[in-house]
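Have a look at the structure below, then the notes.
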Amino acid sequence: MSRPPRPPDLMVNFSLTAHRSDGSLKEVISGYRPIYKVRTDYWSSAHHEFVDATGVRTGQQCKAEVWLLSPEAYPHTFWLGRRVDVVEGSRVVGVADVLEIVNPLLELSADG
């Protein structure tokens, strides 16, 4: 899938932890669209474009630009260093560590 027509919301270090159902290594490529656990009560679809790589395999990590589906629905929920569960359906497949918050709407400010 093509990248969204706006700047990314986040830069993350994405780590793929899951294997395929048959136990083999899983691989995802740029355009990957998993779900992010934004809050305990809110999950959001995300679009990944990997930086300096075409994809990531189980056990690997890579910097990625991330676009969230509806960032206006969960303002002030991200901070540098935050670790976010990345899922496919109900299965956790990886984690994303926030390196940069590009969309200022998402940044949790020091005053609240």
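The values are calculated or read from the model by the stated rules, or taken from the named source; none is laboratory data. Computed from a predicted model, the values in this text were never measured in an experiment. As a convention, Cβ positions derive from the backbone with ideal geometry for all residues, glycine included, and neighbour counts pool all protein chains shown. In case anyone asks, the SASA skips ligands and DNA or RNA and just uses the protein heavy atoms, side chains included. Shrake-Rupley method; radii C 1.70, N 1.55, O 1.52, S 1.80 Å.
Mind computing the radius of gyration and Dmax over the alpha-carbon atoms of the chain? Å is fine for both.
Looking at the chain, its Cα Rg and Dmax stand at 13.5, 48 Å.
Of the listed peptides 30-36, 3-9, 95-101, what is their order by residue-averaged count of other C-beta atoms within 10 Å, with the highest listed first? Working shown, then result.
Numbers: 30-36: 18.7, 3-9: 13.7, 95-101: 17.0.
Packing proxy ranking, top to bottom: 30-36, 95-101, 3-9.
Take SER24 and TRP79, extend 7 Å from each Cα along the Cα→Cβ direction, and tell me the distance between the two endpoints in nm.
Modelled inter-label distance: 4.3 nm.
Measuring from a point 7 Å past the Cα of THR17 along Cα-to-C-beta, which residues in the stretch 74-101 have an amide N at less than 16 Å?
Answer for the stretch 74-101: 82-98.
Please give, to one decimal in nm, the separation of the simple spin-label points placed at VAL92 and ASP52, each 7 Å out from Cα toward the Cβ.
2.7 nm
Ignoring ligands, DNA and RNA, what percent of the accessible area of the chain is carbon or sulfur (1.4 Å)? It would help to have the intermediate numbers written out before the result.
On the way: 3180 of 6150 Å².
Roughly 52 percent, rounded to a whole number.
Picking from LEU25, LEU69, LEU80, which is most flexible by a Gaussian network model of the chain using Cα springs under 10 Å?
Of the options given, LEU25 has the highest mean-square fluctuation.
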